[in-house]
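Mind looking over this structure? Questions follow.
Just so you know, all these numbers are worked out from the coordinates, no wet-lab data involved. The structure presented is a predicted model; accordingly, all values stated were derived computationally and were not measured. Reconstructed Cβ throughout: ideal geometry from the backbone, glycine too, with neighbour counts over all protein chains shown.
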Amino acid sequence: TDDYGGPLLNRARLLLETIAEIKHTVDDPSFVISVKLNCQDFLYPNDGVSEQESITLTKMLEYAGVDLVEISGGTYELQFAGKSCNNFSREA
């Protein structure tokens, strides 16, 4: 893999670099940066994101200065793979 694949830090690199560049370019503390994060895609451990990786990435985003993280879950493709992604028990 390259610098943007493989371990979580590499996979987060593009997002973190983008956030850093936005903060550098805008240079306005009132400018809000938000990220929508898929915290559970129901594909782990083979191809997906684990819960712990999502927690770690959220902490990285906080450290990078992100103001808001929207958490979502599931993937559109799961309905065609015959996997259940019923979120009712986890949704508040």
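Tell me which residues, restricted to the range 49-75, are assigned to a helix (DSSP H, G or I), over 11 Å from the mean Cα position of the chain (by Cα) and of a type in the set (A, V, I, L, M, F, W, C).
At the first step, the residues of the range 49-75 found to be assigned to a helix (DSSP H, G or I) are 51-64.
Okay, now just the ones that are also over 11 Å from the mean Cα position of the chain (by Cα), so 52, 62-64.
Selection gives Ala64 alone.
For the structure I just gave you, tell me whether Leu16 is closer than 20 Å to Glu51 by Cα and part of a helix (DSSP H, G or I).
Working: closer than 20 Å to Glu51 by Cα: yes; part of a helix (DSSP H, G or I): yes.
The answer is yes for Leu16.
Now for a different question. In the range 23-38, which residues are under 13 Å from Leu61 (Cα atoms) and either acidic (Asp, Glu) or surrounded by 12 or more Cβ atoms within 10 Å (Cβ to Cβ) (or both)?
The answer is Lys23, Ile33, Val35, Leu37.
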